[in-house]
Amino acid sequence: MRYYPCICTFVPMTRFPMGRLMGYLLFFLSITTVIGGCDSLPTEADETQDWSAGQLYEEAKQERKVGNYMRAIDYYQKLESRYPFGRYAQQAQLETIYTYYKADEPDLAIASADRFMKLYPRHEHVDYAYYIRGITNFDLGKGLLDEYLPIDPSQRDPGAALHAFQDFGELIERFPESKYAPDARQRMLYLRNNLAKYEVHVADHYLRRGAYIACANRGKYVIEHYQGAPAVADALVIMAKAYKLLGTEELSEETLRVLEFNFPDHPGIAEVRAMVPEK
């Protein structure tokens, strides 16, 4: 086996004069010093560091009043973290719910309401948390373009509306004497009517597709859950039609009698009478 000598190239020191070498060294040392010094640069002082709970609370209220919602939330959060057991902490949590709502942060408003209700179920103002959660869901899903391109509310995805309906219902059930109950009842009537209309739209879609059982079930759901809604009459018509098309004449006649008794002038009565059952 042959061995080859290692060929190494050494750079003579004469190519880097001592003065230049010292210059490079000082340059790198200065860079290291600057980088290391970045960690010790003074940070912006927190003006609220020495504020009392009362001052944080009042400043948060003032910021909220003038529309600086995120700054108000920052103050509320600092209050809660610094004075968690003080008399202002619970009130700050409660007002944070509304502030998130006003800041157009519905998910955070709902999460804050849920948190408050879980932590303080017996709080004297917990009904307010239920109310704001309902209001948030009530408004959720209303797009910016609705003002310019009006949309029938019954045509929207009913998810948020259904949650709002449930929220207001729970508020009224738990706190019937709450000062928020009257407004909650009015909103429930509006939601009830639109939710019933939505279910009728879906039932009509099933009817046109020939899904008669699903159609009848949707109509039945409206009657069971949204009593008093104007769409109940239309739900009865659709049910009577679906039963007739299914060949269940007895159920169709029974539904039609209910329709005639409660809504004798409804045009759907003649429509059902004129139908011929499918064979």
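The values are calculated or read from the model by the stated rules, or taken from the named source; none is laboratory data. Just so it is clear, the structure is predicted and the values come from calculations on it, not from any experiment. Here Cβ is always computed from backbone atoms with ideal geometry, including for glycine, and neighbour counts include all displayed protein chains.
Of note:
- Figure legend. Inter-residue proximity from region 161-188: first residues more than 14 Å from ALA113 (Cβ to Cβ), second residues of a type in the set (Lys, Arg) and buried (at least 18 other Cβ atoms within 10 Å of the Cβ), beta-carbon distance below 7 Å, spacing 6+ or different chains. Indicated pairs: PHE165/ARG192.
- The set of residues in region 226-256 being in contact (Cβ under 8 Å) with a residue 12 or more places away in the chain and closer than 18 Å to LEU189 by Cα consists of TYR226, GLY228, ALA229, PRO230, ALA231, VAL232, ALA233, ASP234, ALA235.
- Residue ID - nearest to MET239 (Cα to Cα), chosen from residues in region 187-225 that are surrounded by 15 or more Cβ atoms within 10 Å (Cβ to Cβ) and of a type in the set (Asp, Glu): ASP204
- For region 173-186, filtered to residues that are hydrophobic (A, V, I, L, M, F, W, C) and farther than 17 Å from PRO121 by Cβ, the residue that is surrounded by the fewest Cβ atoms within 10 Å (Cβ to Cβ) is ALA181.
- First in region 81-105 and over 17 Å from LYS65 (Cα atoms), second anywhere and buried (at least 21 other Cβ atoms within 10 Å of the Cβ) and among the aliphatic types (A, V, I, L, M), Cβ under 7 Å, 6 or more apart: TYR88/LEU79; ALA89/LEU79
The rows are residues; the columns are (1) assigned to a helix (DSSP H, G or I); (2) hydrophobic (A, V, I, L, M, F, W, C); (3) at pLDDT 95 or above.
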residue	(1), (2), (3)
THR96	yes, no, yes
LEU108	yes, yes, yes
ALA113	yes, yes, yes
ARG133	yes, no, yes
LYS142	no, no, no
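- 3 or more residues closer than 24 Å to ALA103 by Cβ and either at pLDDT 50 or above or not β-branched (Val, Ile, Thr) (or both): qualifying helices (runs of 4 or more DSSP H) within region 15-89: 53-65, 69-82
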